[in-house]
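Here's the structure, in structure tokens; my notes come after.
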Amino acid sequence: MTVDVVTFGCRLNAFESEVIAREAECAGLDQTIVINSCAVTNEAVAQARQSIRRLKREQPGARIVVTGCAAQTQPQMFAEMAEVDRVIGNDDKMRGETWRATHEAFAAAPDEKIAVSDIMAVRAMTPHLVDAFQRGLPRVFVQVQNGCDHRCTFCTIPFGRGNSRSVPMASVVEQVRSVNERGHAEVVLTGVDLTSYGTNLPGAPRLGTLIKQILRHVPELKRLRISSIDSIEADSDLLDVIAEDERLMPHLHLSLQSGDDLILKRMKRRHSRQHAIEFCAQVKRLRPDIALGADIIAGFPTETEAMFKRSLELVDECDLTFLHVFPYSSRPLTPAARMPQVVGGAIKERAKRLRAAGEAALRKRLAREVGTTRKVLIESARQGRTEHYLPVAIAGDVPGAVRALTIAGDDGARLILDCHGPA
Ligand code: SF4
């Protein structure tokens, strides 16, 4: 019985692929490849199509099922591919009955390809207790929220994932307790718009409330990390935990997108340049050693050189350590696609300059770590990560172990230890 799940995109997809693998096998599917696709850029969609063709060439007898955000937003395009046997929606993929129906459809009606329901009609989340994470996996993702109520002008995610909805707190606490008992050293809370956690739940608990509940009810949990947040939606409980509880890892990744107020307005973002700078200063006061990362788009429509410079300057003004740079990718049906586009090589060139600024920022932070002792989660025999998410070169250790290690130096990309030494 083989069901192979090929995952593209974000941590949310990684979590959901665990559920898909379990449900598809339980439904009796065999010799089946599931492509859990991403739609965040044109490149991501093209990669899914390329993989479909390659995998079908390599395994002509296998059935190909496509799901994920690209399948949800462009089902017809995938259904028209001869290699594809079934296209399943993003909410449908999480239900056992979908895979049972797929099994029956393969037997009875092979031409019936599209099984994609209206994602905007989805109001609640079915908690999935994933207990099949590979044993010893140092870090596991726990999905607590899905979808998004915002409509940033460059983004197709809401059309792939629907409106915001959250997993009830009690289910999240149970999931975290379960993965902790199985020996996974670090839990990462993940979602699409994590800081909108709880908006659809009774009493509208916030992300900070959830984190406090987890840390209170799972006292054995040593490392809790949160994935990307929207700084303007950070609640007071979240700021309290950042300041008070060292089990919440001192590392925040912010969805900043630009350093220019007019561009932020045209993106329909909710924060200003000044708010981003003040928020970073505030969390640094609460937790001085915190490491901050950010997503920034290079070349958003109408962005001038002067506007771009303000994004570049944000790296220092927010004292960022990690930078995820996204060259603007015009997505079908988004308002930004109808705006005057940045032309020529400017998008690529700006992305290159931003990445260089990001690398310099990381080097600056690595140099500041020398002489400190950090709690390093061993991810593999050759690499670990500190509580600040900084990479550490390791020469042979047990994945999943957490060690207090003294930093001796860095090689510009990773921290180096004197006792373990580089590989
Ligand atoms: S907040 Fe904006 S960028 Fe993020 S998922 Fe929602 S619409 Fe997309």
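The values are calculated or read from the model by the stated rules, or taken from the named source; none is laboratory data. All figures in this text were calculated on a predicted structure; none of them were measured in a lab. Neighbour counts are summed over all protein chains in view; Cβ atoms, including those assigned to glycine, are modelled from backbone coordinates with ideal geometry. With ligands, DNA and RNA removed, areas are computed over all heavy atoms of the protein, side chains included. Shrake-Rupley method; radii C 1.70, N 1.55, O 1.52, S 1.80 Å.
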Exercise for review: Sort out which residues of segment 216-242 are open to solvent by 10 Å² or more (accessible area, probe 1.4 Å), in a helix (DSSP H, G or I) and among the aliphatic types (A, V, I, L, M), and write them in order of number.
Suggested key: I232, L239
Check your understanding: Looking at A24, A48, A39, which is the one that is among the small types (G, A, S), farther than 14 Å from G160 by Cα, in contact (Cβ under 8 Å) with a residue 60 or more places away in the chain and buried (at least 16 other Cβ atoms within 10 Å of the Cβ)?
Key -> A24
Review point. Mind checking which residues of segment 280-310 are within 16 Å of the ligand (Cβ to nearest atom) and in contact with a Ser or Thr (Cβ under 7 Å, 6 or more places away or on another chain)?
Key: G293, D295, I296, I297, F300
Exercise for review: Mind listing whichever residues of segment 331-347 are open to solvent by 80 Å² or more (accessible area, probe 1.4 Å) and either in contact (Cβ under 8 Å) with a residue 24 or more places away in the chain or touching a Phe, Trp or Tyr at 6+ places or on another chain (Cβ under 6 Å) (or both)?
Suggested key: L333, P340
Practice item. Can you confirm whether segment 353-370 contains a residue that is assigned to a helix (DSSP H, G or I), among the basic types (K, R) and under 22 Å from the mean Cα position of the chain (by Cα)? Key: yes
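Here is a yes/no grid of residues against (1) part of a loop (DSSP other than H, G, I, E, B); (2) under 23 Å from M339 (Cβ atoms); (3) touching a residue at least 40 places away in the same chain (Cβ under 8 Å):
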site: R270; (1), (2), (3): yes, yes, yes
site: H275; (1), (2), (3): no, no, yes
site: A281; (1), (2), (3): no, no, no
site: D289; (1), (2), (3): yes, no, yes
site: D295; (1), (2), (3): no, yes, yes
site: M307; (1), (2), (3): no, yes, yes
site: L312; (1), (2), (3): no, yes, yes
Practice item. Test D230 against the stated conditions and say whether it is in contact (Cβ under 8 Å) with a residue 12 or more places away in the chain and farther than 30 Å from A70 by Cα. Key: no
Review point. Since V167 meets every condition but one in (1) in contact with a strand residue (DSSP E or B) (Cβ under 9 Å, 6 or more places away or on another chain); (2) within 16 Å of the ligand (Cβ to nearest atom); (3) open to solvent by less than 50 Å² (accessible area, probe 1.4 Å), which condition does it not meet?
Key: (2)
Revision key, fill the gap. When F141 is run through (1) modelled with pLDDT of 95 or more; (2) touching a helix residue (DSSP H, G or I) at 6+ places or on another chain (Cβ under 9 Å), the failure sits at (1)
Exercise for review: Hey, could you check segment 183-192 for residues that are under 10 Å from the mean Cα position of the chain (by Cα) and outside any strand (DSSP E or B) and say which is farthest from Y389 (Cα to Cα)?
Suggested key: V192
Point to revise | Verdict on L201 being touching a residue at least 24 places away in the same chain (Cβ under 8 Å), under 27 Å from G89 (Cα atoms), among the aliphatic types (A, V, I, L, M) and surrounded by fewer than 23 Cβ atoms within 10 Å (Cβ to Cβ) | key: yes
Revision key, fill the gap. Cβ pairs under 6 Å, 6+ apart or interchain, first in segment 257-268 and of a type in the set (K, R), second open to solvent by less than 80 Å² (accessible area, probe 1.4 Å) and assigned to a loop (DSSP other than H, G, I, E, B), ordered by first then second residue, are K268/C152; K268/T153
Point to revise | Residue satisfying all of: in segment 142-159; within 8 Å of the ligand (Cβ to nearest atom) and assigned to a helix (DSSP H, G or I); most open to solvent (accessible area, probe 1.4 Å) among these | key: I157
Point to revise | Residue satisfying all of: in segment 67-80; open to solvent by 10 Å² or more (accessible area, probe 1.4 Å) and not charged (D, E, K, R); nearest to the chain's Cα centre (by Cα) among these | key: C69
**Study point:** Selection count, segment 58-104, where residues are without any contact (Cβ under 8 Å) to a residue 60 or more places away in the chain, part of a helix (DSSP H, G or I) and closer than 13 Å to A24 by Cα
**Key:** 4
Practice item. Could you list, in sequence order, all residues of segment 371-398 that are open to solvent by 50 Å² or more (accessible area, probe 1.4 Å), among the β-branched types (V, I, T) and either in contact (Cβ under 8 Å) with a residue 60 or more places away in the chain or outside any loop (DSSP other than H, G, I, E, B) (or both)? Key: T373
Check your understanding: Are any residues in segment 263-277 open to solvent by 60 Å² or more (accessible area, probe 1.4 Å) and either within 15 Å of the ligand (Cβ to nearest atom) or farther than 21 Å from A357 by Cβ (or both), and if so, which ones?
Key -> K265, R266, K268, R270
Check your understanding: For P250, which of the numbered conditions (1) buried (at least 21 other Cβ atoms within 10 Å of the Cβ); (2) under 18 Å from the mean Cα position of the chain (by Cα); (3) closer than 26 Å to G400 by Cα fails to hold?
Key -> (1)
